[in-house]
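Trainee: Sharing a structure, written as structure tokens. Questions coming.
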Amino acid sequence: LWPQWDDTLSFFLFGLRSSLRMKFATVAALAFALFAVASAIPVSLQNQQQDDIVTYPHSNTYLMRLQKCDSSSDWTLHGLWPQWDDSCSGPSFSLDAISDLESTMDSEWPSCYNDDNKSFWSHEWTKHGTCSGLSEHDFFNQALSLLEQYSGNCGSGTSCSLCFDKSFSPITCP
């Protein structure tokens, strides 16, 4: 395959005028460089819409993802995700543990998809909250507090990522 391709490419290039050969070679080199750079970007950073661990150089990072649901112009929580692990062992989700937060969570942490809010919160606790080292109540309360304090840092769009260190001080997302 390669010798045939090489012969075809050589015939094509040498059949062009010198100035066209240079332009083609430059475009080909740029295309190859872009492909090489794009191939080096981890998939987890190419698609930050996924509810997966985003591999950062700072493993002690919380990633807070905000979203705008179809029915809202305000930022709402999608999740607060410890980047050092997911799906840790811990207590099962209990709505009773966050009963005092439920009305706030209904408006500030709704499911933008077809899930009901309680199923969504259960998923967030089971996959992410259990790795935080916080109680269920403290995990959700902390996320709501961060939303209130920092959602103003998000611009336009439908998704926003904010990062925090383990003590919940804001840091620049790597």
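The values are calculated or read from the model by the stated rules, or taken from the named source; none is laboratory data. Just so it is clear, the model here is predicted, and its values are computed rather than measured. Reconstructed Cβ throughout: ideal geometry from the backbone, glycine too, with neighbour counts over all protein chains shown. Each accessible area value is taken on the protein alone, full model and side chains, heavy atoms only, with ligands, DNA and RNA left out. Shrake-Rupley method; radii C 1.70, N 1.55, O 1.52, S 1.80 Å.
Trainee: What pairs come out if I take residues in the range 159-174 that are open to solvent by 50 Å² or more (accessible area, probe 1.4 Å) and pair them with residues that are part of a strand (DSSP E or B) whose C-beta lies under 6 Å away, six or more apart or interchain?
Mentor: Pro170/Phe164; Ile171/Cys163
Here's the yes/no breakdown for (1) of a type in the set (Lys, Arg); (2) loosely packed, with under 13 Cβ neighbours inside 10 Å; (3) assigned to a loop (DSSP other than H, G, I, E, B); (4) free of Cβ contacts under 8 Å to residues at least 60 places away in the same chain:
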{"residue": "Met105", "(1), (2), (3), (4)": "no, no, no, yes"}
{"residue": "Pro110", "(1), (2), (3), (4)": "no, no, yes, yes"}
{"residue": "Tyr113", "(1), (2), (3), (4)": "no, yes, yes, yes"}
{"residue": "Thr130", "(1), (2), (3), (4)": "no, no, no, yes"}
{"residue": "Phe139", "(1), (2), (3), (4)": "no, no, no, yes"}
{"residue": "Leu144", "(1), (2), (3), (4)": "no, no, no, no"}
{"residue": "Gln149", "(1), (2), (3), (4)": "no, yes, no, yes"}
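This table checks each residue for (1) modelled with pLDDT of 90 or more; (2) of a type in the set (D, E, K, R); (3) within 19 Å of the chain's Cα centre (by Cα).
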residue	(1), (2), (3)
Ser39	no, no, yes
Asp52	no, yes, yes
Gln67	yes, no, yes
Ser107	yes, no, no
Asn114	no, no, no
Thr126	yes, no, yes
Cys131	yes, no, yes
Tyr150	yes, no, yes
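Trainee: Right, something else. Condition first: open to solvent by 70 Å² or more (accessible area, probe 1.4 Å) and farther than 16 Å from Lys127 by Cβ. Now tell me which residues in the range 56-96 satisfy that.
Mentor: Pro57, His58, Asn60, Asp70, Ser71, Ser73, Asp74, Asp96
Trainee: Also, quick follow-up: So, in the range 108-155, exactly how many residues are more than 19 Å from Ser167 (Cα to Cα) and among the small types (Gly, Ala, Ser)?
Mentor: Residues meeting the conditions: 5.
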